[in-house]
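Nothing in this text is a laboratory measurement; each read-out follows from the coordinates by a stated rule. Just so it is clear, the model here is predicted, and its values are computed rather than measured. Here the Cβ is made from the backbone with ideal geometry for all residues, glycine too, and neighbour counts use every protein chain on show.
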Amino acid sequence: MGRAGGPPLWRRSYRTPSGDAIKPPMTNKPVKDVGSASVSSVALTVDNLAAARGLRVLFEGLNFRLSKGEALELRGPNGSGKSTLLRILAGLTHQHAGTVIFADGEDVLRHYLGHSDAVKPTETAGEQARFWARYFGRNDAAALEALERVGLSKRMDVPGRGLSAGQKRRLALTRLLLDPRPIWLLDEPTAALDMEGRKLVGSLVDEHRATGGVVIAAIHGEGFTGARSLDLTQLARAIA
Amino acid sequence: MSGVVSVFSRELRLAWSGGGGPALPVGFFAAASSLTPFAVSPDAQTLGIAGPGVTWIALALASLLPMERLFQADLEDGTLDAYAGSGVSMEGTAAAKTLAHWIATGIPLAVIAPLIWIMLLGPPEISWLVVAVSALGSAGFFFIGSIGAALAAGVRRGGLLIALVALPLYTPLMIFGASTLNLAAEGGEWGPPLMLTAAATLFSAVISPIASAMALRAAID
C-alpha cells in the first residue's frame, strides 16, 4: 500500500508539549464554539487550540467538534489563521497550544490541498495524475477516471506549465478522487476556478459528506450548502 | 511501498526533463578537471601526483550541483506538503529522490571519470576501478549532499549553504576515495581504502534519509 512504513508526520503534532507557555482562557465564549455534535458520530474534536506565527498569535481558545458527514467553512480576513489551522489539522504545522483529537485515531488519513497545487511544470497532466494514482496504490484507469471527472481528459498531454491556474487546481482535485480519505482539508478550493469548477467542488464535497466524510475548507464568498461556519476573526489576538 | 517506488520512478523521469539536468554536472566535472594541467603542470610526473586528488575533488563538487533543486522545487510548488500529508514515509521519499538523482547524475559522472583519469595521465588499465570507486563515492556525496539540500530547501539561493553544510562532511569520503585512486595509480594495495570508501557511503546512506526527513519536516512547518 502507498502509505506503508515510517513514523507518521502528524504523530508529534497533536500532543501539547508539556510546559507550554500560553494558557488559553478558561471561559469559552459562545462564538468560539460553533456547535457540538452527538458523541457517537464525532469525527474530530478541537480543544483550546492556539496557533502562532513567529511572535504573533493568530488565534487561541478555539474549540469545535465535527461529526461525520459535516462540512465546516473557515472564514475570516487574510492572515486570520485559516490556512494555519488547516495545516495544523493536516499535521504539517505545530500548534501553539491545545489538542486535536481524531475519533478514528491520530493517524487517520487526510487530504490537504493547499494554495500551491503541487503541479510539476515539465510533467503532462496525464503523467501527474498517473503518478498520484500509483502513489496512492491505484492503477492508470483510476487516474483517467479522475481526470475525466475534473474535466481535464482533453488536456492529458499538456505539460503543467501549459495549464491555466484553474486547470492546475482541477489537476490538484484529482488527488481527492484517487484515494478515499475520511478528512478533507481544503484551502480556498474554489480559488481560480470558473463557475463550472465551483460546481464540481461543491458536488465532490457533497459526495464526500454523503459517505460520512468530513470537509474543512477555508473559503471566501459563496460556501457549501449545509455547511457550518467558523469565523476566526474574533479569535485573533496580537501579542503586543 | 508503492508510494516510495512511484516517487523514485517519477524523480528519475523528472531529472531528465527540464533543461539538460544531469548533463550540466557532467560538463562541470569534465571542464573543471581539464583545467588541472594548466594550473598544476602538464608534466607527466606532476600530473601523476596531482591527478587522482583533483579528479576526486572535481567529482565531489560536481555531485553538489544537482542538490540545490533536489527538494527546493518540491517545497515551492506544494508537492512536499502533499508528500508529507500522505502517510508515505518521509524518510523513504527523501531516499527515493536522492537515489533517483544519483542514478540520473552520479552514474554518468562515474562513466566519464575514466576519461578524465586518462586525460590526467592516470594508468588506463585500472579504468574499471576508477568507474567503481567514482560510482561508490558519488553515491556517498549525493547522500550527504541531500542533507544539506533538505536543510537549505527553504532558503533562497541556498546552493552555497548546501556546500557549506556538505563539504566538511565529505572529509571521510575525500580521504578514502582519493587514497584508493592514489594507491591504485602507484600500483599499491588499494583494497582497504576502497572498503573504507564503501563503508563511508553506506554510513551516509543510512544517516541521510533520517536527517533529510527531519529537515524537510521543519521546512514545511
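Side notes on the structure shown:
- Debye log10 I(q)/I(0) for the protein assembly as shown, one point scatterer per Cα, at q = 0.05, 0.06, 0.10 Å⁻¹: -0.23, -0.33, -0.78
- Label-point gap, in nm, between residue A:56 and residue A:203 - each point 7 angstrom along Cα→Cβ: 4.0 nm
- For B:73-85, mean number of other protein chain Cβ atoms within 10 Å: 6
- Whole-number D in µm² s⁻¹ for region A:52-159, Kirkwood Cα-pair radius fed into Stokes-Einstein, 20 °C, 1.002 mPa s: 127 µm²/s
- Peptide-level mean, for A:118-125, of C-beta atoms on other protein chains within 10 Å: 5
- Taking the convex hull of Cα positions in region A:140-193, its mean projected area over all directions (nm²): 4.0 nm²
- Under a 5 Å amide H cut-off, with hydrogens placed 1.01 Å from N, residue A:93 pairs with A:88 among residues at least 5 apart or on other chains.
- Computed FRET value (nearest 0.05) for residue B:118 with residue A:195, which takes r as the C-beta separation and R₀ as 51 Å: 0.15
- Here is the tail figure for region B:114-221: Cα pairs spaced more than 22 Å apart come to 40 percent of all pairs.
- Virtual paramagnetic centre 7 Å along Cα→Cβ of residue A:47, amide N under 18 Å, in region A:59-90: A:60-67, A:89
- Size descriptors for region A:106-172, from the alpha-carbon set: Rg then Dmax equal 11.9, 39 Å.
- Label-to-label distance for residue B:23 and residue A:161 is 1.5 nm, based on points extended 7 Å past Cα in the beta-carbon direction.
- On Cα atoms only, tilt of B:23-34 relative to the major axis of chain B in degrees: 30 degrees
- Cα principal axis extents for region B:9-101, largest first, Å: 58, 25, 20
- Two-decimal Rg to Rh for region A:38-107 - Kirkwood Rh, Cα set: 0.97
- Estimated distance in nm for a label pair at residue B:13 and residue B:161, the labels positioned 7 Å out from Cα along Cα-to-Cβ: 3.1 nm
- Which of B:8, B:141, B:203 has the fewest Cβ neighbours within 10 Å, and the rest in rising order: B:203, B:8, B:141
- Three principal axis extents describe the C-alpha atoms of region A:124-240; from largest down they are 50, 32, 30 Å.
- Counting beta carbons within 10 Å around each of A:228, B:10 and listing the fewest first gives the order A:228, B:10.
- Furthest towards positive pole of dipole, B:2, B:108, A:164, structure part the protein assembly as shown, Cβ charges: A:164
- Volume of the Cα convex hull of chain B, divided per residue and given in Å³: 111 Å³
- Going from the residue with the fewest nearby Cβ atoms within 10 Å to the one with the most, B:156, B:69 rank B:156, B:69.
- Region A:69-114 - Rg over Rh from alpha carbon coordinates, Kirkwood radius: 0.95
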